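Participant: The structure that follows is given in the form of structure tokens.
The values are calculated or read from the model by the stated rules, or taken from the named source; none is laboratory data. Just so we're clear, the structure is a prediction, and the values are computed from it rather than from any experiment. Glycine gets a Cβ as well: all are built from the backbone with ideal geometry, and neighbour counts include every protein chain shown.
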Amino acid sequence: MERKQIVKTVSEHFGVKAQYLGVPSFAYEIRTEEQTYTIDREGKIVNERGRAIELRDVLNRKEGESAEEEIPRLGAEETTTSAPYEIPLPLESHDGRALRNILNMIYSKQELIKKSLGLAGNLIEEDFITAINAASIITLEDFNNHATEIGLEKVSGITLDFLKDEMTIELPKESAGAEELFTLICKLAQKQKCASYKSKATTNEKYTFRTWLLRLGMIGDDYKEARRELLKNLSGNGAFKGGAAHEA
């Protein structure tokens, strides 16, 4: 079972919302009246004492034998369906301008993001990003009103849930590198007064994208695997702006 389904199952079982912890753990935390569960990036469930627990055991704490039938059923469904991989990103601490910054930053590198993550379609359409930047936006309510008027269907790869203060990125498959990428975008978007949505053509995809990843804060050994994952599908040379090393 994929991690997103594990998080959803535990969250719905206890009737509480899972909290995404972001960098550096990229784990989810689910707090109940009796226990706190952490679900790591590999989908392992750990209780507040640090002990690993099977999903079946977590569910049996409350539902008893009914969970015996539910878990195999969920597993069987997953073998016959291919649901998108979802990356939920909290917006509680963002205002409307920060949310627009997030979309601008994504749109400005959309073509490279699509190739990096194997996306067939756009996350954000051009007419949406142009219109949302022409609007006067300060609060999330401002953004919601204008985005609804423009058409949220034009942001087909991103779900904006203003009731839950959450946005969700949908990908064709699980990607730890993508989780780190979008989390860092959200963090930087809060700090910037404004971010441009304009994109620039490049003849060296890896160098352009790698430079951008470093500006986002994806620096050092902690992000080594994430950078490798995000750059592997791009053309060019990440170390040399011209695309290749020149011999002396």
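Participant: Just checking, how many residues over region 133-164 are surrounded by fewer than 16 Cβ atoms within 10 Å (Cβ to Cβ) and either part of a helix (DSSP H, G or I) or among the charged types (D, E, K, R) (or both)? Steps first, answer last, please.
Facilitator: Kept after step one, since they are surrounded by fewer than 16 Cβ atoms within 10 Å (Cβ to Cβ), are these residues of region 133-164: 134-136, 138-139, 141, 145, 148-149, 151-153, 156, 159, 161, 163-164.
Checking the rest, the ones that are also either part of a helix (DSSP H, G or I) or among the charged types (D, E, K, R) (or both) come to 134, 141, 145, 148-149, 152-153, 161, 164.
So the answer is 9.
Participant: Within region 141-148, is even one residue out of contact with any helix residue (DSSP H, G or I) (no Cβ under 8 Å at 6 or more places or on another chain) and charged (D, E, K, R)?
Facilitator: No, that holds for no residue.
Participant: With the structure loaded, tell me whether I169 is crowded, with 19+ Cβ neighbours inside 10 Å and either among the β-branched types (V, I, T) or at pLDDT 95 or above (or both) or whether it fails that test.
Facilitator: Yes.
Participant: Determine, yes or no, whether A27 is crowded, with 16+ Cβ neighbours inside 10 Å and at pLDDT below 80.
Facilitator: No; evaluated as a whole, the condition is false for this residue.
Participant: Another question about this same structure. Go through region 104-132 and give me each residue that's over 26 Å from P84 (Cα atoms) and crowded, with 17+ Cβ neighbours inside 10 Å.
Facilitator: Scanning region 104-132 gives a single hit, I132.
Participant: Run down E141, E174 and say which single residue is over 22 Å from V7 (Cβ atoms) and assigned by TED's automatic domain parsing to the domain that holds Y197.
Facilitator: Every option except E141 fails the conditions.
Participant: Under 9 Å between Cβ atoms, at least 6 apart or on separate chains: pull out the pairs that start in region 156-174 with a residue that is polar (S, T, N, Q) and end on any residue that is not in a strand (DSSP E or B).
Facilitator: From residues that are polar (S, T, N, Q), the pairs are S156/G121; S156/N122; S156/L123; S156/I124; S156/E125; T159/L152.
Participant: Now for a separate question. Do we have any residue at all in region 198-217 that's modelled with pLDDT under 95, farther than 15 Å from K109 by Cα and assigned by TED's automatic domain parsing to the domain that holds T139?
Facilitator: The answer is no; no qualifying residue exists.
Matching residues to (1) modelled with pLDDT of 85 or more; (2) assigned to a loop (DSSP other than H, G, I, E, B); (3) within 19 Å of A18 (Cα to Cα):
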| position | (1), (2), (3) |
| --- | --- |
| G50 | no, yes, yes |
| R73 | no, no, no |
| A83 | no, yes, no |
| S93 | yes, yes, yes |
